[in-house]
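Heads up: the structure comes next, in structure tokens.
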Amino acid sequence: MDILLAAAPLVIPALGAAVYAIAGWRPATAHVATASALLSLLVAVLLAARVVADGPIAVAALLRVDAVGAFMLIVITAVAVLVAVATPAHLAAELDAGRIGTRTVTWHAVLVQAFLAAMALAVTAADLGLLWVAVEATTIITAFLVGQRRTRAAVEAAWKYVVICSAGIALALLGIVVLGHASAHSRTGAGLDWAALALAAPQLDPAVTRIAVVLLIVGFGTKAGLAPLHAWLPDAHSQAPAPVSALMSGVLLAVAFSAVLRVKVISDGALGPGFARGLLIAAAIASLLVAASLLIAQRDYKRMLAYSSIEHMGLLALGAAAGGPLATAAVLLHVLGHGLAKCVLFLGAGRLLQTTGTSRIDGVRGLAARQPVLAGAVGAGVLALLGLPPFSLFASELGIVSAGFGTGIGWAAAAALVLVVVIGAALVTHTGRMLLGAAPEGPGAAPAPLVLPRSTAAALIVGLAGCAVLGITAGPLSVLLEHAAATLGGIR
């Protein structure tokens, strides 16, 4: 039973992909993705309950579901449910406008399901080599989704994404090879099993492990959108279809960052907490600087959301650098809150692009008067990203900053706070111009020809409500967060 439960998050979306590949996208299959996502979320919750009660589930040497993996499965499937609910209306509008054909829609559905299966494999892989394969698979799959529109900008973004992420993943592969060498010479028999490596870390050669850790953090950090190899992210997220952008920003970045957290456990055991902390602080401050400097004069609202993702990955890196149960739990809570909020905003941005015909900030005015539900969701989503109560990002950011001041990196936490304020001011300014005021001349001048579909509105409202509820109480997730923080602290 445990084996079936652990394999289900991979098998369910794989079966969904098979259904779309065989039957295609049609009214009878349009909601297969929703059913797949809901079933996967149920399985993730059952896995979390099982792990909390009885400990990690291991399937041979391939899969291992511990508290961290179970939590990440909840993040993946929760965002997948929102995306699946909103996707049929999004694709229907694209079909009606003639921007895509039925064959493209079918391939979109197949690739999204394969994308979800690959991310599930990445967070449940027991072996660092299998983890690398899963992360590389996400790159290959999403490259086709980023370039789906086949415009010059979309194709360029897809190639840029492939080149930069492949370079980063190549560094991660080299890091795995180097770490495997250190593991082989430690004579502990740990191999590339990350749980065994965490236990055997004190026996690893420090000099070799140091090289491996740098390569792994930079490599997986590239896929997480951390500076300096972050340049793919704004182009890819701005050109991908809205549901894909929601998954990439809300989930894929977090999946890649969970690999960084796994590496940090091994690094702390072999080298002490100071080494990985220094790397993560550098990446955090650099990412926040990039986001702040480029958000101030940003002119495209989809790229604005993408740069905001870089900001939040920087905050995750800062929390990971602080370490400890409080910071780690805050980092994981931030992952879920950011995933929900950013999913809402990218889905809203996609609908906004369909109704106005422009992604330029100065091309959208008076949205609150013309589409109040969409404007309210976008405005609330931005407030959530700013870390205002009652949204969960308030609690998680507070936990990250508090841990920073409490662990001797107060200067980094203070610098991060200054940059977050600058970023917040930029987001409020740009969003305020879009929501308020009179409509300008041009594409955004005419009243919106399309009404916000009920399914899209439901996805936006549920996503925001979930983020707000998490800000008030984590409920049953509190125990799972405690177990996950203990796992990433090397306690379990």
Starting from the Kirkwood radius over alpha-carbon pairs of the chain, derive D by Stokes-Einstein at 4 °C in a medium of 1.567 mPa s and give it in µm² s⁻¹.
-> 58 µm²/s
How much of the accessible area of segment 23-157, probe 1.4 Å, is carbon plus sulfur, in whole percent?
-> 67 percent
Amide H neighbours of residue 371 under 5 Å, counting only residues 5+ apart in sequence or on other chains, H built in-plane at 1.01 Å?
-> none
Could you calculate the contour length gain from residue 15 to residue 29, that is, 0.36 nm times the residue separation minus the distance between their Cα atoms, to one decimal place in nm?
-> 3.8 nm
Would you give the gap between the C-alpha center of segment 461-492 and the C-alpha center of segment 359-428, rounded to a whole Å?
-> 20 Å
Any idea what the dipole of the chain comes to, in debye rounded to 20, about its Cα centre with Lys/Arg Cβ at +1 and Asp/Glu Cβ at -1?
-> 860 debye
Scaled by the rule-of-thumb 2.2 N^0.38 Å, the alpha carbon Rg for segment 263-305 gives a ratio of 1.69
Might you tell me the accessible area per residue for segment 350-442, computed with a 1.4 Å probe and given in Å²?
-> 39 Å²
Expressed in nm², what is the orientationally averaged projection area of the convex hull enclosing the Cα positions of segment 1-52?
-> 3.5 nm²
Mind ranking 473-481, 363-371 by how tightly packed they are, going by the mean number of other C-beta atoms within 10 angstrom, highest first?
-> 363-371, 473-481
Listed highest first by mean packing, meaning other Cβ atoms within 10 Å per residue, what order do 197-209, 30-42 come in?
-> 30-42, 197-209
Return the distance in nm (one decimal) between the two label points of a simple spin-label model at residue 155 and residue 167, each offset 7 Å from Cα along Cα→Cβ.
-> 2.2 nm
How do 436, 452, 345 rank by accessible surface area computed with a 1.4 Å probe, from largest to smallest?
-> 436, 452, 345
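The values are calculated or read from the model by the stated rules, or taken from the named source; none is laboratory data. Worth saying up front: this structure is predicted, and the values here are computed from it rather than measured. Neighbour counts are summed over all protein chains in view; Cβ atoms, including those assigned to glycine, are modelled from backbone coordinates with ideal geometry. Heavy atoms of the whole protein, side chains included, go into the accessibility calculation; ligands, DNA and RNA do not. Shrake-Rupley method; radii C 1.70, N 1.55, O 1.52, S 1.80 Å.
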